[in-house]
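Please read the structure below before turning to the comments.
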Amino acid sequence: MALFGMGYKKKIEELKQQLDEQNYEQAALVADTIPVKRLKSAYELNLVGKAYKCNGDFLQAREAFERSYEVRCSRPVLIDIMDCCLEVKDLESAEKYFDEYHKVAPEDKITQYKYRYRIEKKKGRERHLLIMILEELKALDYVEEYAYELAKQYHKAGMAEECMRECDDIIL
């Protein structure tokens, strides 16, 4: 591990620079030299988490984000944690953090529907439930990525007319 005195501040700056330049592989290497267990700043923990997340190391990213959330509860960090849980298929933890997000941000229905859909899809839930979630999301806000998901679910369910209508909406 790198020294923790002033040297770690330089490492944090280097990490931030690598992330800004989208050099994610290098950012993860820099993050490896930072003694994460000794970090107390939510900002620094988020930088480390982002470096790992962008490099596909979701377990280490999750650990950094969870420590960040302990320091300072925030909705964006909960979203990062849920992303990591879903990537490693830890659906029980994803549910736990989804429930926490619902408590912290009960008014943010759009994010709630997006993550409810992602969790239920990973669980392999029935198509009609996935369609219902996507239709409710669409009623709140039109998000092209999820409109495409809705069209795919309609197609898989053999609902050709609804699929065509959704595809027309996407094109428009």
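We did not get these values from a lab; they are worked out from the coordinates using the rules stated. Please read these numbers as outputs of a predicted model, since none were measured by experiment. Cβ coordinates were reconstructed from backbone atoms using ideal geometry, including for glycine residues, and neighbour counts include every protein chain displayed.
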Pairs over 30 Å Cα to Cα, from LYS53/LYS96; LYS37/LYS138; LYS10/LYS96; LYS53/LYS109; LYS53/LYS121, come to LYS37/LYS138; LYS10/LYS96
Tell me what the chain gives for mean residue ellipticity at 222 nm when only DSSP H runs of n ≥ 4 count, each as -39,500 (n - 2.57), the sum divided by the residue total, rounded to 500 deg cm²/dmol.
-> -24000 deg cm²/dmol
What angle do you read, to the nearest 10 degrees and between 0 and 90, between the alpha-carbon axis of helix 6-20 and the longest principal axis of the chain?
-> 30
For the chain, list log₁₀ I(q)/I(0) at each q in 0.13, 0.14 Å⁻¹, using the Debye formula over Cα point scatterers of equal strength and ignoring solvent, two decimals each.
-> -0.73, -0.81
Please turn the phi angles of segment 88-104 into ³J(HN,Hα) values with the Karplus equation 6.51 cos²θ - 1.76 cosθ + 1.60 (θ = phi - 60°), one per residue in order, whole Hz, x for glycine and proline.
-> 9, 6, 8, 6, 5, 5, 4, 4, 4, 6, 5, 4, 4, 4, 4, 5, 6
Which whole-number value in Å³ per residue fits the convex hull of the alpha carbons of segment 94-165?
-> 78
DSSP loop GluC sites (Glu not before Pro) with at most 11 other Cβ within 10 Å excluded, longest remaining stretch of the chain | 22-106
